[in-house]
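One structure is given below, encoded as structure tokens.
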Amino acid sequence: MPEDVWVSKYRIGHEPNTHIGRGINYTDEARTPLTPSEDHRRMSSGIPTPASTISENSRYLAFHQSSKYQPADHDVLSHNSGQAITDASVPHGKYQKLSPFLHESLPPWEDTQRICKAYHRPSVLAHEILTMPYTTLEKTGLKTAESLLEIPGPNVHPVLVARHMLQLAVFLQHVHPDLHEELKSLSESPRAMMERLADLAINLVTTKDELLGSIEALECVMIESMYQANIGSLRRSWVANRRAMGIAQLMGLDRPDNRTQFQLLDPNTRCHPKLMWLRIVFLDRQLCLLLGLPQGCLDRSMASDALLAMDAPMGRLERIHCVLSSRILERDASDPNLDDYAMTRTLDVELQKAARSLPSKWWLAPNLNTRSTDSQALFWDTRRLFAQVLHYNLLNQLHLPYMLRSSSTGRQYEYSRITCVNASREVLSRFITLRSFNQIAYSCRTVDFIALMAAMTLLLAHIDSNHPEAENLLAHQYISDRAMIEQAQENMKEVNRLNSDTLSAQSVDLLRRLLAVEVGTGNGAQSISIQGAGTQSLLPDQADDTVVSVNIPYFGIVKIASQGMSKEPPKHPSSSTTNCPLQSQMMDIPKDTIRTGTVHDDYHMRQYGHTRAQQMLITDTIKPADAGYIQLQTPSISPNALAAIGASGIPTQIAPQPPNEFSGHFLQHGGYPGLTARAEDWAFQGVDMAFFDSLMRSNANDETVDEWM
């Protein structure tokens, strides 16, 4: 759009900022002094444009060539390493008015000063971990909030102003809601300021391809992804991070020959190109595991012996986590087969080795309250807690597909169940530690999603362990586990009270409903069974008021009770049985081809002409007790009553329940949220869908099929 149009579109009311800083001060090692002529040109000339800088000679491109990887500190772009380049400035260009406009959009310097002073605890700027290795940050320390008072001038490149805006927005995410009363004198509320700054930087800079040729622009996109993850918009964070991945690949940051190519705008910029690539890939894989999406690249070179030897202990753990996450995603993306569990046990051993590479005391949950006066120590303790949570979440992601199998396969997958139970306890205990100290909803947001999935895993494991014919190994832990989940629920309530947080509110409601499912002392279900879409009960209706119904967008409705679990398809408002291409039909399969509690193997599927979609519907729990055949029903889009699995193996009808607050939201509004909807519009962001998809994978195939073929 014409320049005057987009400027007027985003014009705001306050006067231009009168405080013009000269950039952020770094250590002498990373500073490149400008000559008088360069300094004059930088301050007096206009704004650089991508077209003009690309047409300049090669001194505006940074080439990093090395036949041997250098230590982390030597790989930081600085004057000493010969990598720093002054910013390219030209007097005219398409974005000549963008920098002054962005500068005018900054809050008054006095507002930023009040925000930094009002923050009761000393704070650091966490975004530095995106560009610098732990080894360097541990030596130099992280920048403090006061560095936000150093504001870039109005005539620098737009990317540099946008970077400052995003840094300030991320800092505002960590302002405790109790401080909002103290900051009433600001020109706007902290939350409004945060959202406005982030929206301007994203809409006008980080999503403009022609502005994304510099290392600072890549940093901006990475900060954008961090910002989106903090507010709970995991899907938008994933999209932004994929944009960063593409930019990094264009720059060659993924190249194994250590040759990179990019523009450097600010001589004060310190960055570690390979570390930036690691952070991008690491976040991509963590989000893919949470959202059930495919990974963006297969690079696993970050855990080479040379790189592991040069990193800090926590950095080494994260590198190993990055590689193991890739292998878990690779397993999940393939069709279930007999080698899956062998791979799972192999990856389990690798996670054990990674954990043992750190001292045993490192794995103690940090006591955050004792470090509240030391901002640097508090940051590193919180970072350690976060790394621990990610480790135990990886264990859950690894074993979740096998957690519900042991009830139907002679308990041979009990190891996976116990691993999930223990990992979930570790996650919840650290979540309670974190949220007892830090009740800021937009801080460490990913932990909230992981904690919710851990609580659901723990509850479902207890429900599925309640077998009348087998010993319940978890019976004595049920009360303490339930108490831990209730405490996590209380922490979520407090976060919601302080922040009016949608995710916390809906998580509390879901856990409340799951906790209402009674787990007895041996009189429960034979197993939890996730049935395929459209499965109908074969017996008359029987009401059950203890059934938990969860409507998951793009997935369907999952119903959970002490008798079992079932699923029906998504209810699209426009679909009906008259135009549905998949009509219900019944098929007969000899029951002696079905082993109790297992799903038919692909071999039998092919022999009887059944598709993989039909395979998901076969389970002995939906056949009459004395029948000679098991009945199989193909999917139907029309909503049907669902069968709950009774203790005797005979299904009972579940009476329909009114939708709860969040499960009925989308049906009431006649559709589903957009695929990249905000957290306010789609609190769970599809994390629940990925969770139940993983549980369904456990029914797709069974390793013991060769025992009964």
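The values are calculated or read from the model by the stated rules, or taken from the named source; none is laboratory data. Small disclaimer: the values here were computed from a predicted structure and weren't measured. Because the Cβ atoms are built from the backbone with ideal geometry, glycine has one as well, and the counts that use them run over all protein chains shown.
Points to keep in mind about this one:
- Criterion violated by Asn466 - all others in (1) outside any helix (DSSP H, G or I); (2) at pLDDT 95 or above; (3) polar (S, T, N, Q) satisfied: (2)
- Beta carbons closer than 9 Å, at least 6 apart along the sequence or on distinct chains, pair a first residue in segment 137-154 that is on the phi > 0 side of the Ramachandran plot with a second that is surrounded by 17 or more Cβ atoms within 10 Å (Cβ to Cβ) for Gly141/Val124.
- Residues in segment 348-371 that are over 21 Å from Arg383 (Cα atoms) and among the charged types (D, E, K, R) were compared, and the one that is surrounded by the fewest Cβ atoms within 10 Å (Cβ to Cβ) is Glu350.
- The test for being part of a loop (DSSP other than H, G, I, E, B) and touching a Gly at 6+ places or on another chain (Cβ under 7 Å) does not hold for Asn258.
- Annotation note: Cβ proximity below 7 Å between a residue of segment 250-275 that is in the same structural domain as Pro152 (by TED's automatic domain parsing) and within 18 Å of Leu130 (Cβ to Cβ) and a residue that is basic (Lys, Arg) and outside any strand (DSSP E or B) (sequence gap 6+ or interchain) occurs for Leu253/Lys274; Asn268/Arg31.
- The residues of segment 308-347 that are in a helix (DSSP H, G or I), touching a residue at least 60 places away in the same chain (Cβ under 8 Å) and under 25 Å from Thr382 (Cα atoms), listed by number, are Met310, Met314, Gly315, Leu317, Glu318, His321, Leu324, Ser325.
- For Asp257, the conditions (1) surrounded by fewer than 23 Cβ atoms within 10 Å (Cβ to Cβ); (2) of a type in the set (D, E, K, R); (3) touching a helix residue (DSSP H, G or I) at 6+ places or on another chain (Cβ under 7 Å) are fulfilled apart from (3).
- Number of the condition not met by Leu515 [criteria: (1) in contact with an Asp or Glu (Cβ under 8 Å, 6 or more places away or on another chain); (2) at pLDDT below 90; (3) surrounded by fewer than 19 Cβ atoms within 10 Å (Cβ to Cβ)]: (2)
- Within segment 125-145, the set of residues being touching a Cys at 6+ places or on another chain (Cβ under 6 Å) and either farther than 19 Å from Gln376 by Cβ or of a type in the set (D, E, K, R) (or both) is empty.
- Of all residues making up segment 128-146, the number that are among the basic types (Lys, Arg) and under 17 Å from Leu168 (Cβ atoms): 1
- Sole residue being touching a Phe, Trp or Tyr at 6+ places or on another chain (Cβ under 9 Å) and either surrounded by fewer than 18 Cβ atoms within 10 Å (Cβ to Cβ) or in the same structural domain as Glu146 (by TED's automatic domain parsing) (or both), chosen from Leu212, Leu186, Leu168, Leu218: Leu218
- Just one residue in the set Val447, Val517, Val421 is in contact with a Leu (Cβ under 8 Å, 6 or more places away or on another chain), touching a residue at least 24 places away in the same chain (Cβ under 8 Å), outside any helix (DSSP H, G or I) and not small (Gly, Ala, Ser); that residue is Val517.
Results for (1) more than 17 Å from Ile280 (Cβ to Cβ); (2) in contact (Cβ under 8 Å) with a residue 40 or more places away in the chain, shown as yes or no for each residue.
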site	(1), (2)
Val161	yes, yes
Val175	yes, yes
Glu181	yes, no
Pro190	yes, yes
Ala201	yes, yes
Glu210	yes, yes
Met226	no, yes
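- Residue list for segment 679-705, filter: over 14 Å from Asp340 (Cβ atoms) and either part of a loop (DSSP other than H, G, I, E, B) or at pLDDT below 50 (or both): Ala679, Glu680, Asp681, Trp682, Ala683, Phe684, Gln685, Gly686
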